[in-house]
1. Got a sec? What order do VAL75, VAL32 fall in by accessible area at 1.4 Å, biggest, i.e. largest, first?
2. How high is the relative contact order of the stretch 3-103, in percent, counting Cα pairs under 8 Å that sit 6 or more residues apart?
3. What number of lysine-lysine pairs in the chain show an alpha-carbon separation below 19 angstrom, given a sequence spacing of 8 or more or placement on distinct chains?
4. Tell me, what % of the accessible area of the chain is carbon and sulfur with a 1.4 angstrom probe?
5. Consider the candidate values [x] 19, 16, 14; [y] 29, 17, 9; [z] 24, 16, 12; state which one is semi-axes √(5λ) of the Cα gyration tensor in Å computed from the structure displayed.
6. Pairing the Cα long axis of helix 58-72 with the longest principal axis of the chain, what angle in degrees results, from 0 to 90 and rounded to the nearest 10?
7. At 1.4 Å probe radius, can you tell me the per residue accessible area of the chain in Å²?
8. For every helix of n ≥ 4 consecutive DSSP H residues, a contribution of -39,500 (n - 2.57) applies; sum these over the chain, divide by its total residues, and give [θ] at 222 nm rounded to the nearest 500 deg cm²/dmol.
Amino acid sequence: MLLVTKRSGGAEPFSRDKVINGVRKACQGRPVKEEDLKALGQKVEEDLRSRGLAEVTSDEVGKAILKPLRDLDEVAYLRFASVYQDFSGLEDFQRAIDELRNDR
């Protein structure tokens, strides 16, 4: 069983559904299909399990979500990143947008 250590210090079993639900919020109003969300959840779980660890941090889960979400939908990526990375202003959004443009 893969455990996720929360920022509060507690731990809970990894939940693919929790990943999908979090990403679903970022994808609201975007042309993203439910099967795409399920595939992303599976990719994240496979990535985390492939590390061979019994426990990962919630921060590692968030990082594992960013890459496949970016490939799926850039607007949803920015929404998720703004919450996950705690953007504090327009400069943070601009930096993330610049990174998206430079990686094309």
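1. Of VAL75, VAL32, the descending order of accessible area is VAL75, VAL32.
2. Across the stretch 3-103, relative contact order equals 29 percent.
3. 18
4. Numbers: 3240 of 6640 Å².
About 49 percent, which is the carbon plus sulfur part of the accessible surface.
5. Correct label is [z].
6. With rounding to tens, the tilt is 50 degrees.
7. For the chain, the solvent-accessible area averages 64 Å² per residue.
8. My calculation for the chain gives -20500 deg cm²/dmol from helical runs alone.
The values are calculated or read from the model by the stated rules, or taken from the named source; none is laboratory data. These numbers were taken from a predicted model, which means no experiment stands behind them. Note: ideal-geometry Cβ built from the backbone for every residue, glycine included; neighbour counts use all protein chains shown. Side chains included, ligands, DNA and RNA excluded: accessible areas come from the protein's heavy atoms. Shrake-Rupley method; radii C 1.70, N 1.55, O 1.52, S 1.80 Å.
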